[in-house]
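Asks: Handing you this structure, nothing more for now.
Derivation of every value follows stated rules applied to the coordinates shown; laboratory data play no part. Keep in mind that what you see is a predicted model, and the values were worked out from it rather than measured. Every residue, glycine as well, gets a Cβ built from its backbone with ideal geometry; the counts of neighbours run over all protein chains shown.
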Ligand code: SF4
């Protein structure tokens, strides 16, 4: 339905298209080469299969920072699941060696 609409700001439209709902900020605004999978705020469910344990970066998850930001007191938990390989946003937080263990 929108295929004939003019895109006024192509670079903004690219960011919108690349950013799944549930990210704290635009995809690709974080450190070069980093993805949400490597971020301390990324929350994945328990890895179940052998394939998931061998390639955890392929298992989708949610941004916990986004959840905390938009979750109101007493409301049900809000999570928006997206691809762990999505390029990181500017709120990317590298786990410290203690947090990785
Ligand atoms: S980089 Fe981190 S803070 Fe940003 S959307 Fe991904 S998980 Fe959330």
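Asks: Before anything else, pin down the relative contact order of the chain: Cα pairs under 8 Å, at least 6 apart, normalised by residue count, whole percent. Numbers along the way, then the final one.
Replies: Details: 140 pairs, mean separation 38.1, N = 101.
Answer for the chain is 38 percent.
Asks: Ranking 39, 89 by Cβ neighbours within 10 Å, fewest first, what do you get? Please list the in-between numbers first.
Replies: Details: 39 25, 89 22.
Ranking 39, 89 by Cβ neighbours within 10 Å, fewest first, gives 89, 39.
Asks: Based on DSSP H runs of at least 4 residues, each adding -39500 (n - 2.57), what is the mean residue ellipticity at 222 nm of the chain after dividing by all its residues, to the nearest 500 deg cm²/dmol? Could you put the intermediate results ahead of the total?
Replies: Details: 4 runs with 25 residues, N = 101.
Taking each H run of at least 4 residues, the total per residue is -6000 deg cm²/dmol.
Asks: Moving on. With springs connecting C-alpha atoms under 10 Å apart, model the chain as a Gaussian network and identify which of 64, 17, 43 has the largest mean-square fluctuation.
Replies: Highest fluctuation of the listed residues: 17.
Asks: Once both labels are modelled 7 Å past Cα along the beta-carbon direction, what's the residue 4-residue 34 spacing in nm?
Replies: Result: 4.5 nm between the two label points.
Asks: If you take the Cα atoms of the chain, find Rg, then find the Kirkwood Rh from the mean of 1/r over all pairs, what is Rg/Rh? Can you show the working numbers first?
Replies: Details: Rg = 15.6 Å, Rh = 15.0 Å.
With Rh from the inverse mean 1/r over Cα pairs, Rg/Rh is 1.04.
Asks: A further question on this structure: Pick from 42, 70, 82: which residue has the top mean-square fluctuation in a GNM of the chain where Cα pairs under 10 Å get a spring?
Replies: 70
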